[in-house]
Every structure is written in C-alpha cells, then in structure tokens.
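**Student:** After the structure tokens below, expect a handful of questions from me.
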Amino acid sequence: MADSNSQKNAASDDQKSKGKSGQAIEEFLQAPKKKRKSYVILAVGSTMDPDTTIAIQRFMKTQYPKLSFVTARNGEEVIRYATRNIVLTIIDDEFLPRKETLQLVKSLKEGKNDGPMPTLFLTKDATALVEAYQKELLTWHEVDEYVEFETAPRHAIFRKIKSGIETQYRRRAKRFKVDMPVHFQILDTGDAKYEGHILDFSIHGALIKTPSGIHNFSTKDQVIVHIPLSKYVKGEADILRISARVRRVLISGDQAGISWEYITDEKVAIMTRLLFAIVDSALMRSASATRAKIAKNQPPDIDQTK
C-alpha cells in the first residue's frame, strides 16, 4: 500500500513538474519581447582579421552588456538562432562563399514575421558585395548596411554596429523629402547622362536614386546633377547643375548619399530658394490633405431655405 501511494505521489509530482515546465515555455512564448533575451550574432570567416573580431567582441561586452552576444562558427549555428529575437546580425560576406552567405541571411530574414532583421556585412570588396546583394537581398536594403573592415577605422565599424542596434540604419537627420526627377553624369566616364530621382534634399547634400541596373554607385564617383530648377522656382534658369561627390552607397547600390561640392555664393542663394519652394510645396500639400480629411468628417450641408 505504501509503495502504491509512493508511486501515485511520484506520478503526481512528475505531472506537476511537466505542468510547470509547459507553463514556463508557454509564458516565455507569450511574453513581451522586451522580457525575452535579445541577440546580436557575429559570423566571421577564416579570412577575417582576428583583431577585428576581438575588438567587436569587446565593444559589445562594454557597450551592450544586456544583449546576448553570440559568435557563430558555421551556417547551422546561425540558423539555430532564427527563432530568437535577433536585433542585429554582423556577418562577414566571406563567411561562406558570398552567394551562400547572402542566401543564409535571406533565410534568416524570411523566417522573421515581426519585422525586418538588420544586417551589417563586413566586406573586403564592397563592389562585389553590392552586385551580389542586388540579386539576392534587394528587398531588405533599407535595413541593411556594410563596412569595408580592412580600410575602415575601428570607430567607424563600431558606429555602424551602434546604428544597426539602435536605429536599424534609419537616418536620424531630418532632410526635406522630395521626389525630384533629375539627370546626372559620372565624371571621367564620358558624356552619358543617367536618369534618377532625388529622394531627400538639403543645402549640404541629397539622397539620389537611379533605376536598378542603370548604374551602381561607388564612393569613388564624382557626379554632376542636373536639377530642373524652373519647375520649382519661377524666374530661374531651366537647369541647375551642381557638382557632388558620393559619400555613402546604400547596400542596394542604386541609392547614394551625396554632398555638394564647389558651391559658389550664387548657387547657395539659388539652392536656398529651391529649398524654400520645396518646403512651401510640402506645406501646401499637407494643408490640402488636412482640409480633405476635415471635409470628409463634416455632416452633409442642410439647405436652410426649405
């Protein structure tokens, strides 16, 4: 009889233990993300400079001690974390053969149903990375970045990591949003003109985009942008030509941040008027949209003459 009671008590304890375990797992899966562990994954190949790897590990340990930092040695170890809350993946684009590396990252992103997962690519050859990225991962270009780790100073690498973790590579600096069709030329490549659009504009620079496949920007590019000035500022010449240098290429390759160069006082004055025109146009669109919303919420007019 005692043995029977002992067996029953043991079975009961076992069920309670399983129940608690199951409940714990269920609570973990249902818990808000901020209560779960957040991971940063580092995946580097055999050709990566060990000092760079150690520097990144130290940076993460001192700057983000609350994040779980994981170093993956192969593709299987990367995939193992696919269901976790990954805030950033830092990966050498030669971790595997480049195409396989991008496919690995793609599988991670496709497995996320709660928003894009930012990726920082460490590369020795930005041109080759951008070309391969366009074929495999172009959909995610707004939340991915890269850095040429052999030539970039350590603080530049750390800044990219910080931006990926804290802002998902979204720009903080406010610029004037536009959709301005332009033509541009690449100096030292002949007289060919390319079509493009300026997506944001400031007195210091702009973000320019060209249709995919037309031209892949490079940080070596010096360009002349032809802006249809008369379309925005009355009384000005048809075209404003401004020299610029490419400072940053988005990983898609078809977008670049440019800074204006060799700007005379006269051109600064013209660009200032252009900015005012852009702001006025934006304010007018915003006011029109607001009036339209208000009008839709108004009750129908009642004819007081009846």
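Taken together, the values in this text are just the output of simple stated rules run on the coordinates, not laboratory data. Because the structure is predicted, anything quoted here is derived from the model rather than measured. Note that each Cβ is placed from the backbone with ideal geometry, even for glycine, and that neighbours are counted across all protein chains shown.
**Student:** Amide H to amide H, which residues 5 or more places from ASN85 or on other chains are under 5 Å from it, using H placed in the peptide plane?
**Tutor:** Counting only residues 5 or more places away or on other chains, the set is TYR39.
**Student:** Karplus couplings for segment 189-202 from phi (6.51 cos²θ - 1.76 cosθ + 1.60, θ = phi - 60°), rounded to Hz, Gly and Pro as x?
**Tutor:** 10, x, 9, 4, 10, 10, 7, x, 9, 8, 9, 8, 9, 9
**Student:** Non-local amide H neighbours of VAL44 (under 5 Å, H modeled in plane, Pro and chain starts lacking H): which ones?
**Tutor:** ALA72, ASP92
**Student:** Given labels modelled 7 Å from the Cα in the Cβ direction, how far is it in nm from ALA277 to GLN222?
**Tutor:** With each label point 7 Å from Cα toward Cβ, the separation is 2.8 nm.
**Student:** Exceeding 18 Å between C-alpha atoms, which entries from my cross-link table qualify? They are LYS106/LYS220; LYS135/LYS160; LYS37/LYS160; LYS61/LYS162; LYS66/LYS106; LYS99/LYS124. Let's see the in-between values first.
**Tutor:** Working: LYS106/LYS220 29 Å; LYS135/LYS160 23 Å; LYS37/LYS160 22 Å; LYS61/LYS162 13 Å; LYS66/LYS106 27 Å; LYS99/LYS124 15 Å.
Over 18 Å Cα-Cα: LYS106/LYS220; LYS135/LYS160; LYS37/LYS160; LYS66/LYS106.
**Student:** Would you please give the residues with an amide H less than 5 Å from that of ARG248, counting only those at least 5 places away or on a separate chain, with H modeled from the backbone geometry?
**Tutor:** Answer set, sorted by chain and number: GLY257.
**Student:** Taking the Cβ of each residue in ASP188, ASP93, ASP221 as the centre, tally the other Cβ atoms inside 10 Å and list the residues starting with the fewest.
**Tutor:** Values: ASP188 8, ASP93 23, ASP221 20.
Result, fewest neighbours first: ASP188, ASP221, ASP93.
**Student:** Right, something else. Give me the one-decimal nm value for the distance between modelled label points at ASP51 and THR71, 7 Å along each residue's Cα-to-Cβ direction.
**Tutor:** Label-label distance for ASP51 and THR71, simple model: 1.7 nm.
**Student:** Let me ask you something else. Please find the FRET efficiency linking ALA156 to TYR39, where r is the Cβ-Cβ separation and R0 is fixed at 30 Å, and quote it to the nearest 0.05.
**Tutor:** Numbers: r = 24 Å, r/R0 = 0.78.
Between ALA156 and TYR39 the formula returns 0.80.
**Student:** Each label point is 7 Å from the Cα along the Cα-to-Cβ direction; what then is the distance between the points at THR264 and ASP179, in nm?
**Tutor:** It works out to 3.4 nm between the two label points.
**Student:** Where does each of VAL147, VAL249 land when they are ranked from fewest to most other beta-carbon atoms within 10 angstrom? Intermediate results must be reported in sequence, preceding the final value.
**Tutor:** Details: VAL147 19, VAL249 22.
Sorted ascending by nearby Cβ count, the order is VAL147, VAL249.
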